[in-house]
Structure formats: structure tokens, C-alpha cells
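Throughout, read-outs are computed from the coordinates displayed, never taken from laboratory work. From a predicted model like this one, the values you see are computed outputs, not experimental measurements. When we count neighbours, we look across all protein chains shown, and the Cβ atoms used for this are built from the backbone with ideal geometry, even at glycine.
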């Protein structure tokens with residue numbers, strides 16, 4: 001938990017003790033484990049790193065057997081993203097991260113100075129390379145130093161955020177590093193939600209040939225114990241030509257005093273948790289993000305405006321999975337133009353999920369707004385202004401209930417809508433957290449269908465899934481009145497936002513040129529709306545906000 005230095009130190013100390021009881025010689029904790037990741041501008045507070053170092057020293061007093069590697073921010077005339085090597089009751093060495101990521105969601109060059117040398121820790125007859133996350137991500141100086149150092153293991157502590165398909169790619173990269181170094185790689189990753197980021201864990205151990213020999217589960221904190229055998233590593237090094245071609249390692253060798261436990265009587269059984277299939281992986285990422293955002297910020301529960309549509313229905317189902325039905329309240333707010341299907345869908349969903357449903361008709365509120373505005377509106381034709389009054393009435397009522405009940409409002413908007421501005425500022429964009437902000441509409445349907453199949457029943461009513469999507473701000477309105485079909489829209493958004501393709505490239509790939517041009521213009525024009533919307537959970541390689549930062553005032557293109 002970011003900023004909970006005392007609580008994190010307690011968790012780390014308890015985990016090290018459990019590992020020691022299991023006979024571990026080496027224990028890894030995640031990157032910046034003492035402070036949580038990313039601590040952002042907390043790092044600019046003078047006492048933050050000082051408090052973190054004091055916590056590391058306290059943790060060290062409990063390390064009496066083996067070696068523990070603990071991530072923390074280190075202050076030494078500048079701030080470093082560091083790994084402390086703890087043994088025999090004290091801090092005996094400190095490694096400083098050398099490659100500082102400064103792209104996408106990362107701003108490490110804003111906060112840290114890069115380290116200058118690699119490190120090999122010699123404890124008893126063990127030779128351990130110590131690296132922090134990005135240090136191992138690319139072939140280059142760090143990886144080469146480790147490969148030529150003749151290591152028993154590479155210890156990589158990490159805070160690698162989740163997005164779809166990242167886990168397999170990350171394992172493939174780590175497997176290559178292990179094979180190139182002819183040494184096992186131990187990868188320890190953070191777990192849990194932090195604002196819009198989710199960390200999936202999926203910590204793993206790779207043998208010297210690059211095979212995954214142990215893997216922790218995703219989105220769940222746990223202790224993973226694995227046995228590695230130096231004779232396997234030695235045989236691999238004899239047959240691996242790469243390490244013989246490299247220059248001698250430039251890494252600093254540090255000998256630490258450590259009481260290593262005797263080998264256990266038998267090897268620990270290898271545990272290889274299977275990765276989740278795509279829909280379940282995204283579902284669990286969203287559930288983790290909701291649970292941690294709500295709980296870490298101290299909210300007793302959440303409030304969701306239920307429209308009878310697919311987005312609010314999926315948001316409610318995710319919230320119930322994260323928090324339980326007692327902590328989720330739905331609010332149905334029918335208007336004068338609402339279809340009976342809207343209220344019926346909201347009622348059916350609330351019954352299916354076992355949640356409370358509040359009904360607040362908004363026709364009187366909208367009527368009062370229109371009456372107050374009549375002196376200025378008289379003589380002007382009705383247009384989107386009156387439509388948006390309905391959405392803004394709902395937003396006002398939701399926030400009033402939030403204030404009175406102390407519940408966090410979850411905004412149900414999805415990435416497709418947020419991309420093109422198909423949403424009402426201060427209306428359906430109202431909320432403190434938007435779980436689907438980075439989830440495309442086509443994925444919303446995928447997740448709803450998967451969840452129903454996984455539960456073996458219609459959690460999200462089939463009538464809601466089958467209903468054509470509509471903002472329902474005027475009679476007979478459909479999303480396709482204003483937008484391309486979602487399968488086309490989402491392909492354009494993926495190409496333009498996530499892959500960085502231009503309109504010509506997407507048209508050449510077979511997408512309709514007119515629709516591509518229209519969507520691109522809408523995406524660019526909607527930047528000011530997105531800046532004012534609630535944060536949401538990142539699940540794609542390039543989410544709005546931290547990943548994609550475009551100027552609002554922009555004449556290019």
C-alpha cells in the first residue's frame with residue numbers, strides 16, 4: 001500500500017519469517033516494497049526516503065537466516081530506486097537500479113538517479129546477481145554483466161504493471177535472459193491495485209535453460225518457494241557458448257556474512273500456477289482494481305447508476321465480485337423518455353446480484369431545470385442540450401446520494417465512449433472511479449458473456465446483453481445514430497490510440513476510410529472531456545491518462 005511504510009515493513013518482515021521457516025536461503029520482495037509502487041511525488045518529500053530506510057533497518061534485524069532482498073527508495077545526496085541486501089540482522093549491501101523507465105505509465109527519471117554499477121552478492125558459496133525490474137528487460141550492459149559473472153541465480157525484484165497479454169511476453173523475455181546468462185532467474189513482482197494501475201504478480205522462477213519451473217498465481221499475494229540446484233546451472237554453463245564470448249563482468253562483487261540454512265531433506269514440490277485465459281485475466285484485473293481502490297481509500301461501499309444497459313450492468317457485476325452484494329447499491333433513475341426495458345433491466349440485475357436498488361425518477365428534476373432555463377431557451381430549438389440535462393440530473397442525484405451515504409460512485413463509461421467523447425460531462429461521466437475506462441465496448445460484451453458462462457447462470461440478464469446499446473436521452477435513440485458499429489469503432493480506436501497508426505494506415509488495412517477519419521477527429525476533439533473524467537483501471541498497453549498524454553489545445557492533424 002503506497003505510503004504505508006510501517007504496514008508494508010510489517011508485511012515484508014512477516015513474509016521473510018515465513019520464507020525462513022520454509023528453509024529459504026534467498027528471499028525476494030517486490031520493487032520499492034517498503035513504500036509501495038509508484039509513490040510518485042511522495043518521493044519529493046525530504047523525510048519519505050529517510051523513513052523508508054529506517055523501516056529497512058528494522059526489517060533487517062529480523063533476518064537471521066539466509067539473505068533477503070528488499071526494495072526501497074534510498075537517499076544519498078539524491079534519490080535512488082534501490083534494493084537492500086539484508087543478512088545476519090543488518091543491511092550489508094545496496095544495489096541501485098540502473099535503467100530507469102520513463103515512458104508510458106513510468107516517470108522514474110523524474111524521481112531517481114540511475115545507478116552506475118552492477119552487483120554480485122557472494123553469500124557462502126552462493127553468487128547472486130541483484131537487479132531491479134527494467135534492468136533485466138533488455139539485452140545490454142546489465143544483462144551482459146550478469147551473464148559473464150558465473151551466477152547461481154539472478155534475483156530480479158519488480159513492480160511491473162498489468163495489461164492484457166503482458167504476462168506471456170514478460171515471461172518470454174525473462175526466459176531469454178535466463179538462457180543467455182546460463183543462470184536461473186528469480187522474478188518477484190508486486191500484486192494489487194494502485195489508483196489506475198493493477199499489478200498482477202505472476203512471480204516466477206526460470207531455470208538456467210530458460211524453462212519456467214515455478215509460477216505464482218496472478219492477482220493474489222502469496223509466498224512461492226522453489227528449489228534450484230547449482231549442478232544443473234553448472235552443466236548448462238559448460239554447454240552455453242554465449243557467456244564465453246562476453247568480456248569479464250564489470251559488476252561489483254560484495255561479500256555478505258550470512259547464515260545459510262542447510263538443504264532441506266527433500267525438494268519443495270514445484271508449483272506452476274497456470275495463467276488465466278484472456279477474459280478471466282481481464283475480469284480479475286478489474287476486480288482487483290475495484291477492491292483495492294475502494295478498500296485502500298476507506299469507502300464502505302459503492303453506488304452505481306443502473307440504466308438497464310450493458311455497461312452499468314457489467315460494472316455492478318464486477319463491483320459485487322470485488323466487494324460483495326451488501327456493499328453495492330444500484331440507483332435506477334428513469335426519465336420521461338426511458339423505455340420500460342431500462343427499469344426492468346435494472347431490477348432484474350439487482351435481483352440477480354442480490355444488491356439494493358434505489359429508484360429515483362428524474363422527470364421532475366429535469367422539468368425544474370428546463371423551467372429555470374426557459375427565459376434563455378425560449379425561441380431556440382430543442383437539441384442535445386435538453387438531452388444532456390437528463391444525464392446531468394442523474395449525475396447530480398448520484399453525487400447527492402454519495403455525499404449522504406458516504407459511498408463511492410462508480411462511473412460505467414467504457415473506453416469506446418471515452419475515446420470519442422460519447423458521454424456527458426458532469427452527467428454519466430460523474431464518479432470517483434471508472435472501472436471500464438480502458439475496456440472497449442466489444443470487450444464489455446465479452447466479459448459479460450464470459451461471466452455468465454463462468455457462473456453457469458444469467459448474472460447479467462440476457463435481455464440486457466441482447467438490447468441494442470443506447471444512451472436513451474431521446475425516444476428511440478441508438479448509439480449507432482452517432483457512432484460507427486462498435487466492432488468497427490473499436491478497431492479504429494485500437495489502431496489509433498494503442499498502436500499509433502495514422503488514418504491512411506488503418507484505411508489501407510481495410511477499415512472504411514470515412515469512418516476512420518471521423519473517429520480520429522472525435523478522439524482528438526474529446527481530450528478535454530477525458531481530462532475531467534474519473535480515473536480508471538489500465539488493462540491495455542496504452543490507456544488514456546498516464547500512457548497517452550495529448551495537449552487539449554492542439555492544431556496538428
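At a threshold of 8 angstrom on Cα-Cα distance, excluding pairs fewer than six apart, so keeping six or more, what relative contact order does region 484-525 reach in percent?
39 percent
Could you order the peptides 97-108, 133-144, 279-290, 497-508 from most to least packed, using the average number of other C-beta atoms within 10 Å per residue? Intermediate values should be presented prior to the final figure.
Details: 97-108: 17.3, 133-144: 20.2, 279-290: 22.4, 497-508: 15.8.
Per-residue Cβ counts within 10 Å, averaged per peptide and sorted highest first, yield 279-290, 133-144, 97-108, 497-508.
How would you order 48-60, 393-405 from highest to lowest mean count of nearby Cβ atoms within 10 Å?
48-60, 393-405
Output the peptides 485-491, 183-189, 542-548, 532-538 sorted from most to least packed, where packing is the average of other Cβ atoms within 10 Å over each peptide's residues.
Ranked from most to least packed, the peptides come out as 183-189, 532-538, 542-548, 485-491.
Using alpha carbons only, how many degrees (0 to 90, rounded to 10) separate the axis of helix 310-323 from the longest principal axis of the chain?
Tilt of helix 310-323: around 40 degrees.
Two-decimal Rg/Rh of region 484-525 from alpha-carbon positions, Kirkwood Rh?
In region 484-525, Rg relative to Rh is 0.89.
Tell me, in nm to one decimal, what length is gained between residue 465 and residue 50 on full extension, where the rule is 0.36 nm per residue of separation less the Cα-Cα distance? Please report the intermediate quantities before stating the final value.
Values: separation 415, 0.36 × 415 = 149.40 nm, distance 5.32 nm.
Extra length available between residue 465 and residue 50 comes to 144.1 nm.
For residue 525 and residue 478, compute 0.36 nm times the residue count separating them, minus their Cα-Cα distance, and round to one decimal in nm. Kindly include the intermediate steps, with their values, before the conclusion.
Numbers: separation 47, 0.36 × 47 = 16.92 nm, distance 2.16 nm.
Stretched fully, the residue 525-residue 478 segment lengthens by 14.8 nm.
Set the Förster distance to 60 Å, then compute FRET efficiency between residue 556 and residue 222 from the Cβ-Cβ distance, nearest 0.05.
Result of the calculation: an efficiency of 0.80.
Grab every C-alpha pair in region 86-210, bin the distances at 5 angstrom width from 0 up to the longest one, and report whole percents.
2, 11, 19, 23, 20, 15, 8, 2, 0
Note the full-extension length gain between residue 356 and residue 255 as 0.36 nm times their separation in residues minus their Cα-Cα distance, in nm to one decimal.
Values: separation 101, 0.36 × 101 = 36.36 nm, distance 6.12 nm.
30.2 nm is the gain from fully extending residue 356 to residue 255.
Calculate how many DSSP beta bridges within region 5-256 are antiparallel, expressed in % of all such bridges and rounded to the nearest 5.
Roughly 65 percent of the beta bridges in region 5-256 run antiparallel, per DSSP.
Looking at the chain, send over the antiparallel percent of its DSSP beta bridges, to the nearest 5.
Values: 31 of 63 bridges.
About 50 percent, rounded to the nearest 5.
Pairing the Cα long axis of helix 166-181 with the longest principal axis of the chain, what angle in degrees results, from 0 to 90 and rounded to the nearest 10?
Helix 166-181 sits roughly 20 degrees off the main axis of the chain.
Can you figure out the FRET efficiency of residue 453 with residue 532, using R₀ = 35 Å and their beta-carbon distance, to the nearest 0.05?
0.45
From Cα pairs below 8 angstrom and at least 6 apart in sequence, can you work out the relative contact order of the chain, rounded to a whole percent?
Relative CO of the chain lands at 11 percent.
State, in angstrom, two size descriptors of the chain derived from its alpha carbons: Rg to one decimal place and Dmax to the nearest whole number.
Spelled out, the Cα radius of gyration and Dmax of the chain are 26.5, 89 Å.
Consider a paramagnetic label point 7 Å from the Cα of residue 271 along Cα→Cβ; state which residues of region 49-67 have an amide N under 18 Å from it.
Nothing falls inside the zone, counting backbone N under 18 Å.
At a threshold of 8 angstrom on Cα-Cα distance, excluding pairs fewer than six apart, so keeping six or more, what relative contact order does region 5-256 reach in percent?
The value is 16 percent.
Looking only at region 470-504, which residues have a backbone nitrogen under 17 Å from a spot 7 Å from the Cα of residue 513 in the C-beta direction?
502-504
Over all directions, the average projected area of the alpha-carbon convex hull for region 281-398 comes to how many nm²?
Result: a mean projected hull area of 8.6 nm².
On alpha-carbon atoms, Rg over Rh for region 421-557 using Kirkwood Rh?
In region 421-557, Rg relative to Rh is 0.97.
Which percent of the Cα-Cα distances in region 5-256 go past 32 Å? Write out the running numbers ahead of the final one.
Details: 4278 of 31626 pairs.
Of all Cα-Cα distances in region 5-256, 14 percent exceed 32 Å.
Quick one: pull the percentage of alpha-carbon pairs in region 1-119 with a separation above 18 Å.
47 percent
Tell me what the chain gives for mean residue ellipticity at 222 nm when only DSSP H runs of n ≥ 4 count, each as -39,500 (n - 2.57), the sum divided by the residue total, rounded to 500 deg cm²/dmol.
After summing the helix terms and dividing by residue count, I get -12000 deg cm²/dmol.
In degrees between 0 and 90, to the nearest 10, how far off the longest principal axis of the chain does helix 363-377 point, with axes built from Cα atoms?
The angle comes out near 70 degrees.
How are the alpha carbon pair distances in region 1-50 distributed across 5 Å bins from zero to the largest one, expressed in percent?
Taking every Cα pair in region 1-50, the percentages come to 4, 21, 26, 20, 13, 9, 5, 2.
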